[in-house]
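Novice: I'd like to ask some things about the structure below.
The values are calculated or read from the model by the stated rules, or taken from the named source; none is laboratory data. Source: prediction; values computed, not measured. For neighbour counting, all protein chains shown are included, and Cβ atoms are generated from backbone atoms with ideal geometry for every residue, glycine included.
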Amino acid sequence: MIRRQTERRHVLHNTVKDKPLLLKRQHFLGPLTASYAVEEVEQFRCVSCSSFMLSLNVANSCALTVINEPVIVCNILFVHSSSVILVCRKFSVTDTLFDYPVSSTEIQVYKVSNLKREFEELSLHEIKCICMRLPLFTQGAIQEYVVIPLLHQC
């Protein structure tokens, strides 16, 4: 626990900024929200910015928002007014994974389940870091995951 907190402080103080925004691999598959028409936006599979890289593949599509909410990125939109919008799905249930020696939410580790069907729009600036999403094997029919932020990007 102490090593994780120490590493986290070290990474936060030593991050490199000012890397330009880079959108890669344009596609036309959606999903889009009702706010945007197909002709108003360009869709991409990958975006890289100063502190992280997000893509639509399973390994790089989980992220943590600035309000510590885990999301799954389903599409990356470039609006012609020069802003990047992420089409995301949130989880209905976000819970602590453990309580000892500290609550897992204090180190931004969550147990999540019930991915919502609705899509929500988020600005790229609302993303804090990408996360690793690992399946949690339980006895029920509900698929649960553990969401852990990647410290080198958080």
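Novice: Criterion first (over 13 Å from the mean Cα position of the chain (by Cα), over 26 Å from Tyr36 (Cβ atoms) and either at pLDDT below 90 or crowded, with 16+ Cβ neighbours inside 10 Å (or both)) does Thr138 satisfy it?
Specialist: The answer is yes for Thr138.
Novice: So which residues in the range 46-71 are surrounded by 15 or more Cβ atoms within 10 Å (Cβ to Cβ) and assigned to a loop (DSSP other than H, G, I, E, B), if there are any at all?
Specialist: Result: Cys49, Ser51, Phe52, Leu56, Ser61, Glu69.
Novice: Would you confirm, using the coordinates I've provided, whether Leu150 is in contact (Cβ under 8 Å) with a residue 12 or more places away in the chain, under 12 Å from Ala63 (Cβ atoms), touching a strand residue (DSSP E or B) at 6+ places or on another chain (Cβ under 9 Å) and surrounded by 17 or more Cβ atoms within 10 Å (Cβ to Cβ)?
Specialist: no
Novice: Identify, please: which residue in the range 1-45 is of a type in the set (Val, Ile, Thr) and loosely packed, with under 10 Cβ neighbours inside 10 Å and is, among those, modelled with the highest pLDDT?
Specialist: Ile2
Novice: Taking the residues in the range 72-122 that are part of a strand (DSSP E or B) and hydroxyl-bearing (Ser, Thr, Tyr) as candidates, determine which candidate is surrounded by the most Cβ atoms within 10 Å (Cβ to Cβ).
Specialist: Tyr110
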